[in-house]
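Please treat every number below as a calculation from the coordinates, not as lab data. The structure presented is a predicted model; accordingly, all values stated were derived computationally and were not measured. All Cβ positions, glycine included, derive from the backbone under ideal geometry; neighbour counts span all protein chains shown.
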Amino acid sequence: MVAGLKAKSSIETATTPGSLVSSQTDATDGATDDPTDGATDVEADGSVDDVPGGPDTGGTPLVGEQAARTRIGPHASLARVRRDNRPPSMAIRVVPAYGARMECGVSCRYRDAMTTRPDADQRPTDAIDAETMRRLLLHEARVHAIPGRDLRDLGDAILLHDPTDPEPFWNRIEGIRWPDDPEAFDRRLTEVLVLFASLGRQPHIWAAPLHDEPADLVPRLVSNGFRDLGPGDVMVLADLLPARTAAAEGMPDGLTIERLAGLGAPAAGEALRAIVDVLLDAFEVDAARLAGIEAETAASLGHPWFTHYLVRLGGRPAAVARRATFDGASYLSSIGTASWARGRGIGSLVTRVASADALAVGSDWVYLGVFAENTRAAAVYERSGFARVGQSCPDLVLI
């Protein structure tokens, strides 16, 4: 958490005997460490000015161009984006918002209007208002904007753009507030497709779990040729007891947790190697992505918003997590356990410890993302005090 040139490494050691097996631990705990948390990556310095920008200007930049741009490949976010090997189509085709027949191959779950409004049987987390929902979306986008990505507030949406990497995860629009009127909606969609074409990127829209406008945004986009790459969930810390318990308990025998923040050489290099080794194992990332993972991890190790957690078991790097804390909120990501260390509850433990730290520094929101189909990981997060917000969010790409 401490920014600066000097390294800070806070280490917790075992203070009382204990077993890693606890009420938070079962055979599914290792799934926490699957590459499915959907949350990874980094953010940029600078404040955000929510100044709406029109379609001609492409919006107001939220994050300025960095001095050095680095091609970054996703690691934990690989599960949230399923790549389509076909080249992006820049052809613009807008069909009427209502009454359009959905093409073959569209999941039948979209044939009924999908709403982003809370149901009558809503849970407490579903009561998050539109302003708070947009705040969290923008917070996460700022995390993903480092290093060297552009973030713009379009007024009625948030645009993240990577000028060097066409990967859809880094090139997306979210936080949609478009007109309900069919003709006005179609005009705005056309403008956004033109914007993506001008950037040379495949149109990609993240639906939010709550408060997208119009309420039937997803079926409208599907009727216009967008396809879901796989829905994800946003989860917020709702039960504080697991985190507070983790903060009060001593570490189990043989286990230490290092908090790494504001690192400079040579400490940064040593931490980088340990973290990246765990990430490669935990998320089964192709070696071709190694340079990107190293660059992104190095950027966040030296950034004042980030704290990396390195868990060692018997002195060996076993698990990692990352917390980005700024503007009163904390985003947890890159939570992973090495394959040899799974099934011991370490993923749950590091999640609860990072959550406890977020609360200790005054975060009023602690949240993370998880791929919707990874129910085992979601169950671990739920036992760690997290609850899903709204409904699963389709990840929509124009095919």
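For the pair A184 and D327, label points projected 7 Å from Cα toward Cβ lie 2.6 nm apart.
Compared with the direct C-alpha span, the chain from A387 to E131 gains 90.2 nm at full extension, assuming 0.36 nm per residue. Using the Karplus relation 6.51 cos²θ - 1.76 cosθ + 1.60 with θ = phi - 60°, the per-residue 3J(HN,Hα) values for region 217-231 come to 4, 4, x, 5, 5, 4, 5, 9, x, 6, 10, 7, 7, x, x Hz, with x marking Gly and Pro. Dipole of region 299-399 computed with +1 at Lys/Arg Cβ and -1 at Asp/Glu Cβ about the Cα centre; of W305, V353, F386, farthest Cα towards the positive end is V353.
Using 1/(1 + (r/R0)^6) with R0 = 25 angstrom and r between the beta carbons of A238 and E373, what's the FRET efficiency to the nearest 0.05? Efficiency, rounded to the nearest 0.05: 0.70. As an exercise, find the ratio Rg/Rh for region 314-399 from alpha-carbon atoms, using the Kirkwood inverse-distance average for Rh. When Rh is taken as the Kirkwood radius, the ratio is 1.01. Take the Cα of V194, step 7 Å toward its Cβ, do the same at A265, and the gap between the two points is 4.8 nm. Each DSSP beta bridge with both residues in region 320-379 is either parallel or antiparallel, and the antiparallel ones are about 65%.
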